[in-house]
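These notes are about the structure you will find just below.
The values are calculated or read from the model by the stated rules, or taken from the named source; none is laboratory data. Computed from a predicted model, the values in this text were never measured in an experiment. All Cβ positions, even for glycine, are placed from backbone atoms using ideal geometry, and neighbour counts span all protein chains on display. Ligands, DNA and RNA are stripped out before the accessible areas are found, and what is left, the full protein with its side chains, is counted by its heavy atoms. Shrake-Rupley method; radii C 1.70, N 1.55, O 1.52, S 1.80 Å.
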Amino acid sequence: MTWQRDAARSWLKAAVVSPVRGEYHNDRGAVYFKMGLFEQAERDYLAAIELGPPYPEVWTNLGQCYRAMERIEEAIHAYTRALDLDPGSTLALVGRADAQFALDHAELAALADYDRALTIEPEQPLVLGLSTNLGFCPDAEDRGRPLKFCSGPTDYITEGLSATNFVANP
């Protein structure tokens, strides 16, 4: 974890030298997130949003941070803001779907986001891993069609993937 602390210190110095650059805060937030320091990451992501022109990666990262903190409604809002800025962001779609799936009443919305992400970037491992973990088969002949339930295990399940493992990079 030493390299992560050094990286956080470097980003802090960069942010002090040029405090109006939101990207520094987003990048340092990503380091804090990877260290499990979610409150610090949240502060940096919010500073990046406040300082810069809005860009989808920082909203995706904030959504990821809220999801890790189990603040599901806030995560959905952040992912939605990322999608307002970039409707084709598969990371934001998968993140929002994962957060929606955590709410019992939002399964259909989650499935719609997964399906859309598969249509946009069908080979994205995070998309394939999560949709498969939910029991859906994104077979090659089914690309661009609604997801269907799998009857059994598939050979492309990606072990260890979940929406809580990614941070968008600018």
inquiry  = Looking at segment 111-144 only, could you name the residues that are at pLDDT below 80 and among the charged types (D, E, K, R)?
reply    = Glu123, Asp139, Glu141, Asp142, Arg143
inquiry  = Tally up the residues in segment 31-43 that are out of contact with any helix residue (DSSP H, G or I) (no Cβ under 6 Å at 6 or more places or on another chain) and open to solvent by less than 30 Å² (accessible area, probe 1.4 Å), please.
reply    = 0
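With Gly63, Gly88 as the choices, which residue is open to solvent by less than 40 Å² (accessible area, probe 1.4 Å) and either in a loop (DSSP other than H, G, I, E, B) or among the aliphatic types (A, V, I, L, M) (or both)? Even if it seems obvious, please write down each step before you answer.
Numbers: Gly63 fails: either in a loop (DSSP other than H, G, I, E, B) or among the aliphatic types (A, V, I, L, M) (or both).
Of the residues listed, the single one that is open to solvent by less than 40 Å² (accessible area, probe 1.4 Å) and either in a loop (DSSP other than H, G, I, E, B) or among the aliphatic types (A, V, I, L, M) (or both) is Gly88.
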ask   = Do any residues in segment 46-58 that are aliphatic (A, V, I, L, M) have Cβ atoms under 6 Å from those of residues that are surrounded by fewer than 18 Cβ atoms within 10 Å (Cβ to Cβ), where the two are at least six apart or on different chains, and which pairs are they?
value = Leu51/Val20
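Looking for whichever is in a helix (DSSP H, G or I), aliphatic (A, V, I, L, M) and at pLDDT 90 or above here; the options are Leu12, Leu83, Leu108. Which one fits? Quick ask: steps written out before the conclusion?
Details: Leu12 fails: at pLDDT 90 or above; Leu108 fails: at pLDDT 90 or above.
Being in a helix (DSSP H, G or I), aliphatic (A, V, I, L, M) and at pLDDT 90 or above holds for just one of Leu12, Leu83, Leu108, which is Leu83.
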